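Q: Please read through the structure below; I'll follow up with questions.
Values in this text are rule-based calculations from the coordinates and carry no lab data. For clarity, every value in this text was computed on a predicted model and none was experimentally measured. Using ideal geometry, Cβ is built from the backbone for each residue, glycine included, and neighbour counts are taken over all protein chains shown.
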Amino acid sequence: MPCSPCKAGVADDLRKLPFMTSAVMEVFGVPSCRVTRCGYTGEDGVEISVPVAGAVRLATALLGNPEVKLAGLAARDSLRLEAGLCLYGSDIDEHTTPVEGSLGWTLGRRRRAAMDFPGAAVIVPQLQGKVQRRRVGLTCEGAPMRPHSPILSAEGTVIGAVTSGCPSPCLKRNVAMGYVLSEYSRPGTPLLVQVRRQQQVAVVSKMPFVPTNYYTLK
């Protein structure tokens, strides 16, 4: 749901709600809604957690606006992939550390020093050293890369696997994320991906694939 500074139907001023914060407010007359400015699509937007009793009322009010269009999970999935955002259970899980997942930026300096978070004994040394594998972005021509597709070195050795992949609506090319051995994680590294029994050329790419547009107070 795209945000503007103050929309009719929202009780609070959304200009006070920067990226990754939330507030409980009335939305289109439905009380106790939690509005979270999380932008999981990579755009400036919100997710609304609404009490069950008000769900139909809120949905009806939103769809009464001609600018509002319904979109399925496949649309959201392609957008979050363009933004280089992880899907739990696919790109990260309980066996993945933030360092392996290229998410070290989520650990602030104080937390790193205090080591007061679950897994700190494993994760902090990884921040200061090396890990065996890393999550990377990939682009390729040809057929779309799909989850579980093997990733190979230029010499044909399996070095990882795709975790998410689809055609990018914005870039008009195929993008994916996956894990590879760390020595192959540098952007610009040419690799191969096995797609439908055929090997096609892929390139390690910086993420996000499409620049994000989050709202901050800076």
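Q: Which loop chymotrypsin sites (Phe, Trp or Tyr not before Pro) in segment 32-133, with loop taken from DSSP, have no more than 16 other Cβ atoms within 10 angstrom of their Cβ?
A: Here the chymotrypsin sites (Phe, Trp or Tyr not before Pro) that fit, given the DSSP loop and packing criteria, are 40.
Q: Okay, next question. Where Lys and Arg each count +1 and Asp and Glu each count -1, what net charge lies around residue 54 among other residues with Cβ under 15 Å from its Cβ?
A: +1
Q: Which trypsin sites (Lys or Arg not before Pro) in segment 1-86 sit in a loop by DSSP (not H, G, I, E or B) and have at most 11 other Cβ atoms within 10 Å of their own Cβ?
A: Here the sparse-neighbourhood loop sites are 69.
Q: In Å³ and rounded to a whole number, note down the convex hull volume per residue for the Cα atoms of segment 110-218.
A: Cα-based convex hull of segment 110-218, divided per residue, equals 143 Å³.
Q: Note down the nm distance, to one decimal, between modelled labels 7 Å out along Cα→Cβ at residue 132 and at residue 115.
A: My value for the distance between the label points is 2.2 nm.
Q: Also, I was wondering about something else. What percent of all Cα-Cα pairs in the chain falls into each 10 Å bin, going from 0 up to the bin containing the maximum distance?
A: Reading upward from the zero bin: 8, 27, 29, 23, 12, 2, 0.
Q: Counting only pairs 8 or more residues apart or on different chains, how many lysine pairs in the chain have their Cα atoms under 21 Å apart?
A: The number of close lysine pairs in the chain is 5.
Q: When a/c is below 1.5 the answer is rounded, else prolate if a/b is larger than b/c, else oblate, so apply that to segment 165-218 with a ≥ b ≥ c taken from the square roots of the Cα gyration tensor eigenvalues.
A: oblate
Q: A further question on this structure: Please compute the modelled spin-label separation between residue 67 and residue 103, points set 7 Å along Cα→Cβ, answer in nm with one decimal.
A: 3.2 nm
Q: Within a Cβ distance under 13 Å of residue 20, other residues only, what is the Lys/Arg minus Asp/Glu net charge?
A: That works out to -1.
Q: What's the whole-number percent of alpha carbon pairs in segment 14-63 lying beyond 13 angstrom?
A: 55 percent
Q: Counting only other residues whose beta carbon sits under 14 Å from that of residue 206, what net charge do I get with K and R as +1, D and E as -1?
A: +2
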